[in-house]
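The values are calculated or read from the model by the stated rules, or taken from the named source; none is laboratory data. The structure displayed is predicted, hence computed values, not measured ones. Methodologically, a virtual Cβ is constructed for each residue, glycine included, from the backbone with ideal geometry; neighbour enumeration extends over all protein chains shown. In case anyone asks, the SASA skips ligands and DNA or RNA and just uses the protein heavy atoms, side chains included. Shrake-Rupley method; radii C 1.70, N 1.55, O 1.52, S 1.80 Å.
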Amino acid sequence: MKTLRTLRPAAAAALVIALAAPAAPVVAAPAQVPSGPTTPVAASSAQRAAAGVLLPGPTGPSAVGRSTLHLVDRGRPDLWVPDRPRELMVDLYYPARSAAGPPTRYADPREARLLVEAAGVRDAATVAKLSATRAHGVGGARPERGRHPLVLLSPGFGGPAYSLTTLAEDLASRGFVVAAVDHAYESVGTLFPGGRVLTCVACDKVETVEDLRRATVNRAQDLSFVLDRLTGPRPAWPYASLIDRERTGAAGHSLGGAAAASVMAHDDRVRAGINMDGAFGDPVPADGLGGRPFMMLGTQEDIHLPGGEDATWDAAWRNLDGWKRWLSVAGTHHLTFSDVPVLFDQLNLPYPGTPPTIAAGRAIDLTRAYTAAFFDLHLRHRPQPLLDGPTPDHPEVRFTHHER
């Protein structure tokens, strides 16, 4: 399997990102952690008792609710398995009135096994520990009153949506509704209704620049379809009234980050976007994104620095025509913009290539802080000095470029 960070082969990296399993109709347990410049990896007593990976708790003031949707786009055949309609699993995270409720699992055991095996490990104890992991959202929790901005969230190529759970939960605790999307046949293993575990058919089919473009546009179409089903006349989600239809953003890791730019190019309902360390498989149009804001958040390796190996970042920067930032984070690895740092640390799994030097909790802190600041600024219009330039509290973050 390969990662779509660039077109060069990197099978281990794509497989490794899988190490964070999504739970099909699952939800997660309550927990709160004090906010601050650095949030330690903390857990509730219920998590500790489960003997799973201990995930960082959300930092916002709200409890987190979670529910899961299975969506089928019957008007569109699947790009990878054309005799099937396009299917998606979508986890909805939202601000809830109470954190009371039982913990819900992070990954189904079948998903956990496939993720661990994809990382090159065949160890029942490791699978059991990942399977025992609990998140923080409360299944079916009563939502807070009001209308909230929506963030569409897409994982990396080969990775399940649960690999972005810590980010999704944190945004929800800060007052956003988050739709984390599992794209059929694009992860090492995702559980769908009927006990079907769909694996990464796409991983054996993406070989060329054109394949990458098609994969990116396909994901953008997925995100637009999710938006249709959440905000259309007959929404698929019972709590759809929580969503402010005029305030939608998109973000993602790797291919998911490229999809955030692509959906903005094709769907003007999406008002702001973030690409976390992904090649722009569908180039940003030469005339830009209609002045809408976009942030590029990547490693400080040669790949995603100006003039680096991935030329799509330089091209995207030139074409972006609104508020924009190009940030790089010292000590990171391609996979550290997901849950992988915490998972790998606690499951004792090795990174592919050069491992990160940044601490796992710190990597998650920074990803969450800058993502939340971006959407607070552009979907809520709240000033965010964090995005104005380097700060002493965040010395790892370099403002490679910034405008407006």
*Candidates [x] 5, 26, 38, 26, 5, 0; [y] 5, 23, 33, 26, 11, 3, 0; [z] 5, 20, 26, 20, 13, 9, 6, 2, 0; which is the computed P(r) over Cα pairs in 10 Å bins from 0, in percent?*
[x]
_If I take every Cα pair under 8 Å that is 6 or more residues apart in the chain, average their sequence separation and divide by the length, what percent do I get for the relative contact order?_
18
*Rank VAL284, GLY137, LEU150 by how far each Cα sits towards the positive end of the charge dipole of the chain (+1 on Lys, Arg Cβ; -1 on Asp, Glu Cβ) and give me just the farthest.*
GLY137
_Unit charges on C-beta of K, R, D, E only; dipole of the range 38-178, Debye_ = 380
*Got a sec? Which residues in the range 54-70 would a label at ASP345 touch, if it sits 7 Å along Cα→Cβ and we count backbone N under 13 Å?*
54-57
*Name all residues of the range 229-264 having a backbone nitrogen under 18 Å from the label point set 7 Å from the Cα of ARG382 along its Cα→Cβ direction, giving them as ranges.*
243-250
*Sequence-distant residues sharing a close amide H with GLY57 (under 5 Å, placed H)*: ALA42
*With each pseudo-label sitting 7 Å past Cα toward Cβ, what's the GLU403-ASP211 distance in nm, one decimal?*
3.4
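At 1.4 Å probe size, put HIS266, HIS70, HIS334 in order of accessible surface, largest to smallest. Display every interim value, and only then the final one.
Details: HIS266 125, HIS70 70, HIS334 5 Å².
The most accessible residue leads, giving HIS266, HIS70, HIS334.
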_Accessible surface of HIS402 - all protein chains present, 1.4 Å probe, nearest 10 Å²_ = 90
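Taking each full run of DSSP H in the chain as one helix, which ones are at least 15 Å long along their axis (Cα atoms) and have mean Kyte-Doolittle hydropathy of at least 0.5?
On the way: long enough: 209-231 (33 Å, -0.30); 255-266 (16 Å, 1.17); 360-380 (29 Å, 0.18).
Helices meeting the span and hydropathy rule in the chain are 255-266.
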_Options GLY232, ALA220, VAL177, ranked by Cα towards positive dipole end of the range 144-241, top entry (Cβ charges)_ = GLY232
